[in-house]
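Data first, discussion second: the structure below is written as structure tokens.
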Amino acid sequence: MRCKFCNVEVDCKTHICPLCHEKLTTDENDEKLLPAFPPKTAKTERKKHTHFTLTNVYLAASTIIFLVCIAVNFGLHQPTKWCWMVGAILLYGFLTMRNTVLSSSSAWIKAFWQIVMISLIMWLAQVVFDDIMTDTYWLLDLALPIIIMLSVLTLGIISCALVRRNKALLYDTLFLSLIGFLPIIFYAVGLVQKVLASAICAGFCAAVIACVVIFARKEIVDEMERRLHW
Amino acid sequence: MSEKKAKWLRLDNSAKIFPMMADKQNQNLFNIFVRLNESVDKEVLQRALEITIKRFPSMNVMLKRGVFWFYFEEHGGKPRVYDADPLVMKKISSSNCGGFCFRISCFENVIFADFFHAVTDGTGAAEFVKSLLFTYFTLKGYSVDGEQKVMTVGSPVNPREYEDSFLTNYKKKKIKDLTISSLKGKKSYRISGIRFDNAGKGVINMYTPAKQFVKVCREHNCTVTEMIGALFMLSVYETKIKPESLPPQDIQLFVPINLRKIFPSVTLRNFSLFSRIGVTASDDMTLESLTSTIHECLRRDTQKEVLSDKISTTVYAEKFLPMRILPLFLKRVIFKISNLFFGKNKKTATFSSVGVVALPESFKPYIKDMGFGITANNACPVTITAATAYDTMCINFTRTITDTEIEKRFARYLTDFGIELKVTSNFWEVDDDALQIL
Ligand SMILES: [Zn+2]
């Protein structure tokens, strides 16, 4: 096929000139021509305009739920403002989806954000339900060490299960375990009153670190070398 | 990567910047497309890919995030051959390419190989594609011979193939002796036009007999690179700058230079720097004046001492202590901010002249033609690449704007010289409905 306006041969299956878009005159040899690129389909076009992603649907639904809760909570003049808890949990769901499920960050960073988010929700619960929960010390004395221990335990179990496939998880567990000493530091500076849970948490994390170092020293050194190269 | 050592690689000096610059839509990509004389057998190509990748340890990697830098870790899995996506040079992410930094896909008789620049440059990619073709043809039962031009699967892997040649060619210099200014650009004209939605790109390939082109270049006393660069600059001026009667504008081309031709290196990773070719666009520009300007710029920028200085500067920047100890996420923030303020409007277009791809004669019956393309983005809406395989030169235009005026003007120059042109396109600028009806 030739474009008489551009004076060029068109070397792919088409009816218009790639340069000037004028209609081409065809002859019988053109049957053999193949398209040079996969055709632009309606599907490729449609993909651009998709607004119904999982994230958007979740955001829309949770905004509606949250607004309804505010209306009910404030409309009925209820003394306990539980709607803020609903909002926090919906936000937690969104952040978990974005930063834990769909994120490509390291496992220990994901776990760290989970600890931070769950702790904040607990703190908010304390603020919202302060008429029922009069003692505020449970947050740092009990909740934080338990959350950290559970996170380390979860990550530890996952890394043991997947150790053959992904040795990097051991490094993540090691890193996360370091956070386990935070409650005992809080105790040292006087933020924590009852030491028991904090001490157990520190002991547990120390044991995890010891296990990782004893059983996977080589893997840890390798992983440190590649991740910390500078 | 020896068996005993941990299987990972640092990114080479120029690769370090690419993952940091990547955002949701833009990524430094380039591709190689090979049109065969018959339809591609996807299953055979899949087997060929699985075999070939073992010969290229520097390609068999996945990009990982460290505390201070990105790094490559050996990929345990198998790469897949995909059906070519209508979206040209679609972003390569860990999810859509199985964690590899390249994508092999096919459509009808075309094999597309897209590469993320962090993993290799054009030369390294071409070696990989040649080896893949060799394996593919062998599996198909064709009698092909590497003719010492192909890194065949059985050939031994030279550890120098995955060295960082910037480091091996780096000479320690004092900061005051370095020419940081040579890496900075001037404000230049940015090609205007209506952009495609999303990541859409338009591609036009022009195939021309290399001998005819070389003959015309001889008549004008210039090289192929100089001729294409000059004609491109003229086309930009006549279709974009002149009609809008803009005040004097600088046209600046960003030209990659293959350092392997100047420094001893067999690396398959990045080993190229760039030259900037700039002219102030005006009616006084002629083909002769432009070719001589390009000649002068390239002569200046390909001198060994100049390049050695540039290598030292880039390596110095990488080894600069505050830079090294900055955590990766802060590095990314700084790069993005500095790019926002200083990176814009520093080039009009990227122009890469690959030259002749050394393909074995025994491949000739099976290959129709071959070309290279570089991704375009908002900062650089048009790229142009020229490569020759056997007797056919492929000039590729990739753009993010809808109109094809520059290409049309460029083609007119060539046909006026009496050069035969064969043109193909992905017709991204044409509506779906219009394509169906016509
Ligand atoms: Zn035409």
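The values are calculated or read from the model by the stated rules, or taken from the named source; none is laboratory data. Note that the coordinates shown come from a computational prediction; the quantities given were computed from them, not determined experimentally. With ideal geometry, Cβ positions are generated from the backbone for all residues, glycine too; neighbour counts draw on all protein chains shown.
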Residues of region A:25-37 being more than 7 Å from every other protein chain (Cβ to nearest Cβ) and either in contact with a Pro (Cβ under 8 Å, 6 or more places away or on another chain) or near the ligand (Cβ under 8 Å from one of its atoms) (or both), in sequence order, are none
Some residue of region B:381-399 being under 21 Å from B:F232 (Cα atoms), in a loop (DSSP other than H, G, I, E, B) and of a type in the set (K, R): no
Restricting region B:402-429 to residues that are outside any helix (DSSP H, G or I) and among the charged types (D, E, K, R), the one nearest to the other protein chains (Cβ to nearest Cβ) turns out to be B:K422
I'm told A:L174 meets every condition in (1) touching a strand residue (DSSP E or B) at 6+ places or on another chain (Cβ under 9 Å); (2) in a helix (DSSP H, G or I); (3) not basic (K, R) except one. Can you identify the failing condition by its number? (1)
Unique residue being among the hydrophobic types (A, V, I, L, M, F, W, C), crowded, with 18+ Cβ neighbours inside 10 Å, touching a strand residue (DSSP E or B) at 6+ places or on another chain (Cβ under 7 Å) and not assigned by TED's automatic domain parsing to the domain that holds B:N158 when the list is B:L234, B:L290: B:L290
Applying the selection to region B:237-251, what residues are in a strand (DSSP E or B) and surrounded by fewer than 23 Cβ atoms within 10 Å (Cβ to Cβ)? B:Q249, B:D250
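Rundown of residues vs (1) within 12 Å of chain A (Cβ to nearest Cβ); (2) outside any strand (DSSP E or B), yes/no style:
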site: B:F68; (1), (2): yes, yes
site: B:Y82; (1), (2): yes, no
site: B:S94; (1), (2): yes, yes
site: B:G98; (1), (2): no, yes
site: B:S105; (1), (2): yes, no
Checking B:C217 against (1) more than 30 Å from B:A22 (Cα to Cα); (2) touching a residue at least 40 places away in the same chain (Cβ under 8 Å): exactly one of these is not met. Which one? (2)
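For (1) assigned to a helix (DSSP H, G or I); (2) buried (at least 16 other Cβ atoms within 10 Å of the Cβ); (3) away from chain B (no Cβ under 14 Å), each residue gets a yes or a no:
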residue	(1), (2), (3)
A:L155	yes, yes, yes
A:N166	no, no, no
A:I200	yes, yes, yes
A:V221	yes, no, no
A:R226	yes, yes, no
Please specify each residue of region A:62-109 satisfying the condition of being of a type in the set (A, V, I, L, M), within 9 Å of the chain's Cα centre (by Cα) and under 20 Å from A:L120 (Cα atoms). A:L95, A:M97, A:V101
Condition check for A:P18: part of a loop (DSSP other than H, G, I, E, B) and within 16 Å of the ligand (Cβ to nearest atom): yes
Of (1) within 23 Å of B:D85 (Cα to Cα); (2) modelled with pLDDT of 95 or more, B:F427 satisfies every one except (2)
I'd like to check something: does region A:88-109 contain any residue that is surrounded by 15 or more Cβ atoms within 10 Å (Cβ to Cβ), away from the ligand (no atom under 16 Å from the Cβ), within 11 Å of another protein chain (Cβ to nearest Cβ) and not basic (K, R)? yes
